[in-house]
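The values are calculated or read from the model by the stated rules, or taken from the named source; none is laboratory data. Here the structure is a predicted model, which is why all the values come from computation and not from measurement. Here the Cβ is made from the backbone with ideal geometry for all residues, glycine too, and neighbour counts use every protein chain on show. Ligands, DNA and RNA are excluded from the accessible area calculation, which covers all protein heavy atoms including side chains. Shrake-Rupley method; radii C 1.70, N 1.55, O 1.52, S 1.80 Å.
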Amino acid sequence: DWTTDTYDAIIVGSGPAGIIVATRMAEAGLQTLLLEAGGPSYGITGGDLDARRPSWLSGTNLSRVDVPGLYKSIYTTNDGLTCSLNSYGGCTIGGSSAINAGLFFKPPTSDWDLYFPEGWHSADVETANQRLTAQQPSTDNTSRDQVRYLQTGYDAARKWIVDGLGFTDVDLNAQADEKTEVFGHPVFDYADGQRGGPVVSYLQSALEKPNFQIQTNVTVLRVERNLTQATGVYANITGVEKVISLNPNGRIILSSGAIQSPKLLMMSGIGDPAVLSKIQAAGKMSTALQSSDWINSTSIGAGLFDNPNTFIELEGPAIQSYVYSYDSPIDEDAQAYVQNRNGPYTFASETAVFFDTFTRDDGSNVTFQGTIDSSGYQDYMSNTTITLNIYGTAGLKSKGNVVLNEQADFAPGADGNVYYSDATDAENIAGFIYKIFQKLPDSGLTSLNIPQDATKEDIQTYITTYSAYALGSVNHWSSSCRIGECVDAQTRVIGMDNLHVVDGSIVAPLSVNPQYGIMVAAEKGSELILALYGKSLDGTNL
Ligand SMILES: Cc1cc2nc3c(=O)[nH]c(=O)nc-3n(C[C@H](O)[C@H](O)[C@H](O)COP(=O)(O)OP(=O)(O)OC[C@H]3O[C@@H](n4cnc5c(N)ncnc54)[C@H](O)[C@@H]3O)c2cc1C
């Protein structure tokens, strides 16, 4: 009975971080348990495939998760892959890596050097980076036939951004350090026309180890602890609440994502005492835990980040937009995918990406990213319209908090400070949009929702006023349990001996979409945690 066994390492959450940490713990020979609140995702994770796919995939070994082109429909037809627990992302094997667009951009070395503390600079994470690259395939040309599909948006964007504005065309991961005026093809963590990611690249090797197991449909409610020593997790296992225990020298690693991991700490008596009092009063904290045992820290959940984004709807006579369909794709495209892994369904709709970095008067940097999608959005769905999604990325100054909603049984969420609480961010992003708009008229593209001659002030007002096109969340949650404030440089929760957080929570806002950097952090975290067991990555004693 796995629930009465004891473990050297219990990892909570099977997102990209949790899978990598669990795999490395198992490879080093530790008795490893990975707990996941959700259920199966990719075809290879088993379960009822028909419950997780449209009928055109019947008779294959694919679930909708495997087909990159189906990612966009996740919030309309979720097939049980999201849940109220992880309301901002995937709640399934792979976490959000099973439902995301798969964009896989290596962060520039400057992100580690500028935004991470001692011990986490680029030289410190270099071997972690190399391990990730060795284990996780990626590609900027997804179709087996090596044809790049849906390129009218790419061509128009290239004319605008490269020919018009003078950005340099680069290989975005090979030249990852270049984040000033660069343009390129998006890179995805796919392999052979199917979604890749840690479920394919890491979890499958962990599953071969007799000392590894994953248990799904297990929701951890809190960490059990004896003062500074974690002793196990208290979990809901298909309706029954139970403690799963650690071995005496064991460790718990929370990898539940940047929203859930801070919540689990708070439910375990670690956090802001005002919040802890409410949790205790509601009877949700272990009765064994006295308020004198609380670890008071206002850093838990503080610093929460997500990219503020703006959709710019662009029309052009040469554009042929493409709308992916969950249940009735164009027959030819469905056949090309199912029979040969060719065509538009081999990628998640993004056709071009560009970056720019701006140095402020105070010498600090801020980076911007633009991603071209294959279709229009909401009110702008003509077949000559595409969407440009502009994010502000590394160096933004706004920071939010993870807050617990008492009415909804302490469901965690973001407070109102995440987007644009520091006006500098809106000013900088508006300045970037203004800059690129100066060459828009020559490109043959027309902006439909922001006037091309808008002033910087008009743009700033547009991007900070909530609409279907502005202030939407892109679910790139990070930074809610920062290294040096919430966890130490070994990823150990400050005040605890053997409780760690390794996931988006410990990663600072990056220049690029977060998944790659989170996976590097998980590789680095694994190495550091194994050293605390006295082990190296291959399991030899240090
Ligand atoms: C729709 C969408 C599109 C995205 N697109 C991209 C992209 O293209 N490129 C990119 O780089 N990033 C993208 N992201 C972001 C990226 O997927 C996340 O940053 C990344 O997955 C976070 O990894 P994580 O390990 O921190 O947590 P998560 O992926 O959130 O995984 C956490 C896991 O823990 C489980 N869990 C939570 N609480 C508990 C509990 N109490 N008990 C047990 N299990 C629990 C959850 O069910 C989940 O499986 C996207 C995200 C979304 C939602």
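Only residues that are at positive phi and open to solvent by 50 Å² or more (accessible area, probe 1.4 Å) were counted in region 378-427, giving 2.
Could you tell me how many of the residues in region 457-481 are in a loop (DSSP other than H, G, I, E, B) and surrounded by fewer than 22 Cβ atoms within 10 Å (Cβ to Cβ)? Lay out the reasoning, then the answer.
So in region 457-481, the residues in a loop (DSSP other than H, G, I, E, B) come out as 465-466, 468-469, 474-477, 479-481.
Remaining after also requiring surrounded by fewer than 22 Cβ atoms within 10 Å (Cβ to Cβ): 465-466, 468, 474-475.
Adding up the residues that qualify gives 5.
Quick one: count up the residues across region 352-370 that are open to solvent by 10 Å² or more (accessible area, probe 1.4 Å) and either free of Cβ contacts under 8 Å to residues at least 24 places away in the same chain or not in a loop (DSSP other than H, G, I, E, B) (or both). Spell out how you get there, then give the answer.
Of the residues in region 352-370, the ones open to solvent by 10 Å² or more (accessible area, probe 1.4 Å) are 357-365.
Subset that is either free of Cβ contacts under 8 Å to residues at least 24 places away in the same chain or not in a loop (DSSP other than H, G, I, E, B) (or both): 357-359, 361-363, 365.
Total meeting the criteria: 7.
Do we find a residue being at pLDDT 95 or above, open to solvent by less than 20 Å² (accessible area, probe 1.4 Å) and not polar (S, T, N, Q) anywhere in region 127-141? Yes, some residue in region 127-141 is at pLDDT 95 or above, open to solvent by less than 20 Å² (accessible area, probe 1.4 Å) and not polar (S, T, N, Q). Taking the criterion of being within 19 Å of Ala17 (Cα to Cα), within 16 Å of the ligand (Cβ to nearest atom) and open to solvent by less than 30 Å² (accessible area, probe 1.4 Å), would at least one residue in region 224-236 satisfy it? Checked region 224-236: at least one residue is within 19 Å of Ala17 (Cα to Cα), within 16 Å of the ligand (Cβ to nearest atom) and open to solvent by less than 30 Å² (accessible area, probe 1.4 Å).
Residues in region 9-47 that are more than 12 Å from the ligand (Cβ to nearest atom), buried (at least 21 other Cβ atoms within 10 Å of the Cβ) and under 15 Å from Ile252 (Cβ atoms): Ala9, Met25, Leu30, Thr32.
Among residues of region 441-466 that are modelled with pLDDT under 95, those with a beta-carbon under 9 Å from a residue that is small (Gly, Ala, Ser) and open to solvent by 40 Å² or more (accessible area, probe 1.4 Å) at least six positions away or on a different chain give the pairs Gly444/Ala318.
Residues checked against (1) more than 29 Å from Gly413 (Cβ to Cβ); (2) not acidic (Asp, Glu):
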residue	(1), (2)
Gly46	yes, yes
Asp50	yes, no
Leu57	yes, yes
Ser73	no, yes
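With the checklist (1) part of a strand (DSSP E or B); (2) closer than 27 Å to Gly43 by Cβ; (3) among the charged types (D, E, K, R) in hand, flag the one item Arg222 doesn't pass. Failing condition for Arg222: (2). Among the residues of region 28-76, those identified as outside any helix (DSSP H, G or I), without any contact (Cβ under 8 Å) to a residue 60 or more places away in the chain and touching a Lys or Arg at 6+ places or on another chain (Cβ under 8 Å) are Arg53, Ser63. Looking only at region 439-462, residues that are out of contact with any Phe, Trp or Tyr (no Cβ under 9 Å at 6 or more places or on another chain) and hydrophobic (A, V, I, L, M, F, W, C) come to 0 in all.
Does region 196-208 include one or more residues that are open to solvent by less than 70 Å² (accessible area, probe 1.4 Å) and not in a helix (DSSP H, G or I)? Let's see the steps before the verdict.
Let us first name the residues in region 196-208 that are open to solvent by less than 70 Å² (accessible area, probe 1.4 Å), namely 196-206.
This time we only want the ones that are not in a helix (DSSP H, G or I), so: 196-197.
Yes: region 196-208 contains one or more residues that are open to solvent by less than 70 Å² (accessible area, probe 1.4 Å) and not in a helix (DSSP H, G or I).
Hey, does region 275-286 have a residue that's more than 10 Å from the ligand (Cβ to nearest atom), among the polar types (S, T, N, Q), open to solvent by less than 40 Å² (accessible area, probe 1.4 Å) and not in a strand (DSSP E or B)? Yes, region 275-286 contains at least one residue that is more than 10 Å from the ligand (Cβ to nearest atom), among the polar types (S, T, N, Q), open to solvent by less than 40 Å² (accessible area, probe 1.4 Å) and not in a strand (DSSP E or B).
Filtered by the rule that a residue be within 11 Å of the ligand (Cβ to nearest atom) and either over 22 Å from the mean Cα position of the chain (by Cα) or of a type outside the set (A, V, I, L, M, F, W, C) (or both), region 245-261 gives Ser255, Ser256, Gly257, Gln260, Ser261. The residue that is farthest from Trp477 (Cα to Cα), among those in region 93-104 that are touching a Lys or Arg at 6+ places or on another chain (Cβ under 9 Å), near the ligand (Cβ under 6 Å from one of its atoms) and open to solvent by less than 10 Å² (accessible area, probe 1.4 Å), is Gly102.
Restricting Ser349, Ser328, Ser374, Ser321 to those that are closer than 18 Å to Pro54 by Cα and at pLDDT 95 or above reduces the list to Ser328. Of the residues making up region 67-86, those that are more than 10 Å from the ligand (Cβ to nearest atom) and polar (S, T, N, Q) are Ser73, Thr76, Thr77, Asn78, Ser84. Filtered by the rule that a residue be of a type outside the set (A, V, I, L, M), in a loop (DSSP other than H, G, I, E, B) and either in contact with a helix residue (DSSP H, G or I) (Cβ under 7 Å, 6 or more places away or on another chain) or without any contact (Cβ under 8 Å) to a residue 12 or more places away in the chain (or both), region 381-408 gives Lys397, Ser398, Glu406, Gln407.
Consider region 512-542 and keep the residues that are under 18 Å from Leu103 (Cα atoms) and of a type in the set (S, T, N, Q). The one that is surrounded by the fewest Cβ atoms within 10 Å (Cβ to Cβ) is Asn513. Any residue that is within 16 Å of the ligand (Cβ to nearest atom), over 30 Å from Leu246 (Cα atoms), in a loop (DSSP other than H, G, I, E, B) and open to solvent by 40 Å² or more (accessible area, probe 1.4 Å) - is there at least one of those in region 490-511? No, region 490-511 contains no residue that is within 16 Å of the ligand (Cβ to nearest atom), over 30 Å from Leu246 (Cα atoms), in a loop (DSSP other than H, G, I, E, B) and open to solvent by 40 Å² or more (accessible area, probe 1.4 Å). Residues in region 237-264 that are buried (at least 23 other Cβ atoms within 10 Å of the Cβ) and within 20 Å of Ser84 (Cβ to Cβ): Leu254, Ser255, Ser256, Gly257, Ala258, Ile259, Gln260, Ser261, Pro262, Lys263, Leu264. Gly193 meets each of the listed conditions (1) in contact (Cβ under 8 Å) with a residue 60 or more places away in the chain; (2) within 16 Å of the ligand (Cβ to nearest atom); (3) under 23 Å from Val353 (Cα atoms) apart from (2). A search for C-beta distances below 6 Å between a residue of region 290-309 that is modelled with pLDDT of 95 or more and any residue that is in a helix (DSSP H, G or I) and buried (at least 21 other Cβ atoms within 10 Å of the Cβ), counting only pairs 6+ apart in sequence or on different chains, returns Trp294/Leu276; Ile300/Pro262; Ile300/Leu265; Gly301/Pro262.
Asp111 - would you say it is within 16 Å of the ligand (Cβ to nearest atom), in contact (Cβ under 8 Å) with a residue 40 or more places away in the chain, part of a helix (DSSP H, G or I) and of a type in the set (D, E, K, R)? Yes. Evaluating Thr76 against the criteria (1) over 23 Å from the mean Cα position of the chain (by Cα); (2) open to solvent by 20 Å² or more (accessible area, probe 1.4 Å) leaves one unmet condition, (1).
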